[in-house]
Amino acid sequence: MRSFLVIMLPLTQFLTAAITPTDLRCEYLENPQAIGTTQPRFSWRLASTDPGARNVVQKAWEIEVIEGSSDRPGRKLWSSGKVESSASHQIEYAGEALASRDRATWRVRVWDGTGDESSWSAPATFAVGLLEPTDWKAHWI
């Protein structure tokens, strides 16, 4: 049994994608605290997990957006499902309607050219700013 594990353990590295999504951005910003739209756009860069890999490409992606923060997650607002696309810039949110002051956490995973799936990215956050004039409430000091 032990020799079986010694042989199989190194092979598990080949079951995951050679790329991972990093540098997650929402509306061109990292973890923005006041975006000015209810339909944010998401972007990420790809990093190779194999220094010797060449011509590694993204063939598909999946985004999940949840209400709240990663340490206090709420309900799922949107799951894109697996989307066959090499796009990684300005992917438009298509989930539940967002409103002023909403906070959300999102993550992405990708599939490489051989169909191997990456692990989920580290979570990123965003917050919707005050979008309507009636959202602004202040009193003279």
Could you say which residue among Ser100, Ser121 is farther than 18 Å from Pro21 by Cβ, among the polar types (S, T, N, Q) and in a loop (DSSP other than H, G, I, E, B)?
Ser100
Within the stretch 36-65, considering residues that are in contact with a Gly (Cβ under 6 Å, 6 or more places away or on another chain) and in a strand (DSSP E or B), the one nearest to Glu96 (Cα to Cα)
Val65
If you check every pair at least six apart or on different chains, which have Cβ atoms under 7 Å apart with a residue in the stretch 19-47 that is free of Cβ contacts under 8 Å to residues at least 40 places away in the same chain first and a residue that is part of a strand (DSSP E or B) and crowded, with 18+ Cβ neighbours inside 10 Å second?
Asp23/Trp44; Ala47/Ile19; Ala47/Thr20
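Check whether at least one residue in the stretch 11-25 is at pLDDT below 95 and touching a Leu at 6+ places or on another chain (Cβ under 8 Å), and report yes or no.
Within the stretch 11-25, one or more residues are at pLDDT below 95 and touching a Leu at 6+ places or on another chain (Cβ under 8 Å).
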Residues of the stretch 39-66 being surrounded by fewer than 14 Cβ atoms within 10 Å (Cβ to Cβ) and of a type outside the set (A, V, I, L, M), which ones?
Gln39, Arg45, Asp50, Pro51, Gly52, Arg54, Asn55
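The values are calculated or read from the model by the stated rules, or taken from the named source; none is laboratory data. Bear in mind that the values here come from a model prediction, so they are computed numbers and not experimental data. Note: ideal-geometry Cβ built from the backbone for every residue, glycine included; neighbour counts use all protein chains shown.
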